[in-house]
1. Filter segment 58-76 down to the residues that are part of a loop (DSSP other than H, G, I, E, B) and not acidic (Asp, Glu) and list them by number.
2. Give just the number: which of (1) surrounded by 16 or more Cβ atoms within 10 Å (Cβ to Cβ); (2) farther than 30 Å from residue 150 by Cα; (3) modelled with pLDDT of 95 or more; (4) of a type outside the set (Val, Ile, Thr) does residue 97 not satisfy?
3. Using beta carbons and a limit of 6 Å, which pairs, at least six apart or on different chains, have the first residue in segment 114-129 and under 16 Å from residue 21 (Cβ atoms) and the second one among the polar types (S, T, N, Q)?
4. Criterion first (within 27 Å of residue 202 (Cβ to Cβ), part of a helix (DSSP H, G or I) and in contact (Cβ under 8 Å) with a residue 24 or more places away in the chain) does residue 141 satisfy it?
5. Filter segment 248-268 for residues that are touching a residue at least 24 places away in the same chain (Cβ under 8 Å) and assigned to a helix (DSSP H, G or I); which is farthest from residue 211 (Cα to Cα)?
6. Among the residues of segment 1-39, what is the count of those that are touching a His at 6+ places or on another chain (Cβ under 9 Å), hydrophobic (A, V, I, L, M, F, W, C) and outside any helix (DSSP H, G or I)?
7. Quick check: is even one residue across segment 131-149 closer than 21 Å to residue 44 by Cα and β-branched (Val, Ile, Thr)?
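The values are calculated or read from the model by the stated rules, or taken from the named source; none is laboratory data. Given the structure is predicted, the values throughout are model-derived calculations rather than measurements. All Cβ positions, even for glycine, are placed from backbone atoms using ideal geometry, and neighbour counts span all protein chains on display.
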Amino acid sequence: MKRETISYERVLYYIGNVSPMYFAFRIKLKGDVPEAGLKEALAELQRRHPLARARVEMTADKKQYVTDENTGPIPVKEFDGGGIDWKSLLKQELLTPFDIYRGPMIRINLIRNETGTDIVAVFHHALCDGLSAVQFLHEMLLFLSGEGAGLKPYADAPVFTRLIKKEIMDVIGGRELPPWLKNKEYLKIELKPPKEEPFPRPDFALHHWFLNREQTRKLIARAKEWGISVHALMGAVVLKAFAGEFGETQGYTRKLQSPLSFKPFLRDEAQEYFGLFNGLLTEEFDCSPGRSVREIAEDIYRRLRDKIANHTPLDGYYFFNTYFLEGIEDPELYYANRPPSPMDYDVSLSNLGRVTMREVYGDYVVEKLYGPVFSAIRGERVIGVNTYGGRMFFTCIYDKDCFDHSTGSRIIERVREMFREQQF
């Protein structure tokens, strides 16, 4: 397998070489995982998914490819649970660079303890998104428990822009190029040799919690009663907490970033592919004290629904990947000189929804699943959510140098209290 990277992958590979651009999951597993059995399960996954064994290759004429030639096995490390906890290990792993030119770009860590095993899995974000990572972990446990025999290998590394359903391509392919692509203003920057700088090591704060089955059931029922999505309800709760902290000094118009999966727009055969299939949608909302959580949630739901129905931001990512690098001879030099995107939103709410993980895989029981946990840099605040086994699992990560720890703890406690008490 060898194919050229698209613009989306290439910019994430560039960022991941100069700063963290990774994410992780923690699985709390009841049962002892044998190292040899896990390595064989990972080898099966690498045979099944080309990107799980991929590395990056650059050519003299500045082209970039992913290839599965001359790559090794996914590394596995073991730790004693008496010496390190999963949160400390996860934070360390989010600061450890991948060598994209050697590959592979996945790492698995085992923390053994008296009651079972913690699995901390780390992925380069240019390689895949959160839902693909969950699919990977689900299949890893299938192979580990001896249930993966029916999973067949894929021949090629997928690219989401080539998998968009025909009826959707008929719509977005007929649209005019957006103004930023027409006028090419983004090309008008001075290209200077980049300065050599050390790989940053932000001081992450990491919070985690979960809603039990009854709390989760009530939250889902409330969203259904209001005729909105669970994501909109969660987003309103989070923005309400941020408005309560910053509204008086910064204003009550607050901004939510919502990572979205593109898989609903892709052909059926793409649903179990492992790769990068997501985009971002960012919107501002009025969170004034007089507005209820329900009013904010209905606003979030309506505006996100309308944009997604209009294939936003899918069309933006399609145009970006199809045309953005035209006229750029050295993309890495360009990215080094391009101003970074502003982190002007309150929080990125990465909600995976109900995930494919089972509770039982042979002799193994998955007790908890936390993630995705992203390497939050340059002022990012990211809340990762997944719904597994009838419960919602949350993580919140941010750099303590960019977002005061006491402030962050106070906001998260407000969010947790509203979720626990259903105070909306």
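1. We begin by selecting, within segment 58-76, every residue part of a loop (DSSP other than H, G, I, E, B); these are 59-63, 68-75.
The answer is 59, 60, 62, 63, 70, 71, 72, 73, 74, 75.
2. (1)
3. Short answer, once both residue conditions are applied: 129/278.
4. Working: within 27 Å of residue 202 (Cβ to Cβ): no; part of a helix (DSSP H, G or I): yes; in contact (Cβ under 8 Å) with a residue 24 or more places away in the chain: yes.
Answer is no for this residue.
5. Applying the first criterion (touching a residue at least 24 places away in the same chain (Cβ under 8 Å)) to segment 248-268 yields 252-263, 265-267.
Then drop every residue that is not assigned to a helix (DSSP H, G or I), which leaves 263, 265.
Details: 263: 27, 265: 30 Å.
Selected residue: 265.
6. Looking only at that region, the number is 2.
7. Narrowing segment 131-149 to residues closer than 21 Å to residue 44 by Cα: 131-149.
Within this subset, residues satisfying the condition of being β-branched (Val, Ile, Thr) are 134.
Yes; the residues of segment 131-149 include at least one that is closer than 21 Å to residue 44 by Cα and β-branched (Val, Ile, Thr).
Condition check ((1) at positive phi; (2) out of contact with any strand residue (DSSP E or B) (no Cβ under 6 Å at 6 or more places or on another chain); (3) surrounded by fewer than 20 Cβ atoms within 10 Å (Cβ to Cβ)) across all residues:
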residue: 211; (1), (2), (3): no, no, no
residue: 215; (1), (2), (3): no, yes, yes
residue: 219; (1), (2), (3): no, yes, no
residue: 229; (1), (2), (3): no, yes, yes
residue: 232; (1), (2), (3): no, yes, no
residue: 235; (1), (2), (3): no, no, no
residue: 240; (1), (2), (3): no, yes, no
residue: 243; (1), (2), (3): no, no, no
residue: 251; (1), (2), (3): yes, yes, yes
